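Shown next, in structure tokens, is the structure this report addresses.
The values are calculated or read from the model by the stated rules, or taken from the named source; none is laboratory data. Since the structure is predicted, the reported quantities are computational estimates derived from the model, not experimental observations. When we count neighbours, we look across all protein chains shown, and the Cβ atoms used for this are built from the backbone with ideal geometry, even at glycine. Protein only, heavy atoms only, side chains kept; ligands, DNA and RNA dropped before computing areas. Shrake-Rupley method; radii C 1.70, N 1.55, O 1.52, S 1.80 Å.
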Amino acid sequence: MSNSSRAFPVVEGRTDQKFEAMRDAFARAQADDPGGAQLCVYQNGQVVVDLWTGRDLINDRRFSADTPTVLMSASKGITAITAHMLVERGELDLDAPVSVYWPEFAQNGKGKIPVRYLLSHQAGLAEFPANSGITLEKLLDWDRCVEVLAEMAPLWTPGSAFMYHAATFGYLIGEVIRRVSGKTVGQSLAEGFRRPLGLDLWLGDLPASKEANFAPQFTLASDPSAQTERQMLDSADADIDAGDPSLKALKLNRISPNKIDEFLNARDTHLAEIPAANAVGNARSLARLYAATIGEVNGIRLLNEETMSRARVPQTDNLSRPSPSDKRPVLHPSRFALGFQISSARCPMLGEGSFGHSGRGGRLAFAHPETGTAVGYTCNNMAWDHEAGPDARWLPWIAALNKALVHR
């Protein structure tokens, strides 16, 4: 991202003195972004950075600290935290077959798939089958989505490979959570996170009063070099599908970005649960949530040290993508733990030990227990193409944060 094309934006908010360099870094990072963004950092349970800048272009108004927007796949981290809280309470066993909790899931040879495979994208259920009738709009129909997943056969031998379960992750883990606890992920979020921690974070229950302040996401045309790279990857996808018709399915990367934006900005979508993608919130709430997974925030800790340590153990480092998808170029591989991304070339966070989740377009939330740090970053300009490596808007302030932590 070039910072020469426009003046640095005005950044509002505060930082502790030790982290003041992050203000300038955040301004540089957002210099070419016509949208809005928020950045919040907790250290040892306390806010040390709380910044925001830019605009809600669709409604022509400034971003505020409280402005909510769709969190995309940062929602997966929220879902994973919910699951690990059940594990910590002894209600969910990661090594138990999914079918113990969800008997219908055992269909088509899935009876022995353990819960941990759902969390680590190894279950072979990465896409809804082509003949299922699941379209973008059908993602609002929870019962139909989980019925399809219970009936389908894995696309590869579970545990032998991994591939990102972009949309299906939330239904798979969410249905297990519902069967175990009697609550949906959104209900669990409201009772277990939002109320105790005072978060502006919703899944399927965004109040009308908050909808009025919601900042819709938007997608601008990408630059020619990014388009060329995307065309190359799409061509590889088409070749793979032609060779294996069983892999033709609902693939979000084939749907028009503007259509996805329209779908995720809609009120009906905000009143449904898609736990892999449609949580709504702001950076303050994401940072506060992750801070409470690694330490106390106002006397509340969500996960104990043993649970948190287990949750971030690498699960996919020795696995490749399944055939024939392994023929598709992967320019910047991801790494997964149990429901979380961990540090990788695509999503460096604060290096080894970090765990969290990025979201399509540039959202990012993570924690780094070794430094007691938790971070939330939100935006409404869908500028990040995850295939191309880390979001350029992350890099300046991540570097400044690393520097501040070294000299803490």
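Please work out if Arg194 is outside any loop (DSSP other than H, G, I, E, B), modelled with pLDDT of 95 or more, open to solvent by 50 Å² or more (accessible area, probe 1.4 Å) and basic (Lys, Arg). No; evaluated as a whole, the condition is false for this residue. Checking the stated criteria, Gly111 turns out to be over 20 Å from Arg312 (Cβ atoms), at pLDDT 95 or above, in contact with a Phe, Trp or Tyr (Cβ under 9 Å, 6 or more places away or on another chain) and open to solvent by less than 40 Å² (accessible area, probe 1.4 Å).
Of the strands (runs of 3 or more DSSP E) entirely within the stretch 1-72, those holding at least 1 residues that are within 23 Å of the chain's Cα centre (by Cα) occupy 37-43, 46-53. Cβ-Cβ distances below 7 Å connect the following pairs, each with a first residue in the stretch 25-39 that is more than 17 Å from Ala215 (Cβ to Cβ), a second residue that is open to solvent by 10 Å² or more (accessible area, probe 1.4 Å) and part of a helix (DSSP H, G or I), and a separation of six or more residues or different chains: Ala25/Pro396; Ala25/Ala399; Ala25/Ala400; Arg28/Pro396; Ala29/Pro396. In the stretch 53-93, the residue that is surrounded by the fewest Cβ atoms within 10 Å (Cβ to Cβ) out of those that are over 23 Å from Leu189 (Cβ atoms) and hydrophobic (A, V, I, L, M, F, W, C) is Ile58. Within the stretch 210-229, take every residue that is out of contact with any helix residue (DSSP H, G or I) (no Cβ under 8 Å at 6 or more places or on another chain) and modelled with pLDDT of 95 or more and give me the one that is least open to solvent (accessible area, probe 1.4 Å). It comes out as Ala215. Would you point out the residue of the stretch 1-37, among those that are polar (S, T, N, Q) and out of contact with any Lys or Arg (no Cβ under 7 Å at 6 or more places or on another chain), that is most open to solvent (accessible area, probe 1.4 Å)? Out of the qualifying residues, it is Gln17. Regarding Arg393, is this residue among the charged types (D, E, K, R), open to solvent by less than 40 Å² (accessible area, probe 1.4 Å), under 18 Å from Phe26 (Cβ atoms) and in a loop (DSSP other than H, G, I, E, B)? Against the criterion (among the charged types (D, E, K, R), open to solvent by less than 40 Å² (accessible area, probe 1.4 Å), under 18 Å from Phe26 (Cβ atoms) and in a loop (DSSP other than H, G, I, E, B)), Arg393 qualifies.
May I ask you to say which residue of Ser246, Ser235 is out of contact with any Leu (no Cβ under 8 Å at 6 or more places or on another chain), open to solvent by 40 Å² or more (accessible area, probe 1.4 Å), farther than 26 Å from Ile81 by Cβ and modelled with pLDDT under 95? Going through Ser246, Ser235 in turn, just one is out of contact with any Leu (no Cβ under 8 Å at 6 or more places or on another chain), open to solvent by 40 Å² or more (accessible area, probe 1.4 Å), farther than 26 Å from Ile81 by Cβ and modelled with pLDDT under 95: Ser235. Output the residue which, of all residues in the stretch 289-336 that are surrounded by fewer than 15 Cβ atoms within 10 Å (Cβ to Cβ) and assigned to a helix (DSSP H, G or I), is farthest from the chain's Cα centre (by Cα). Result: Lys327.
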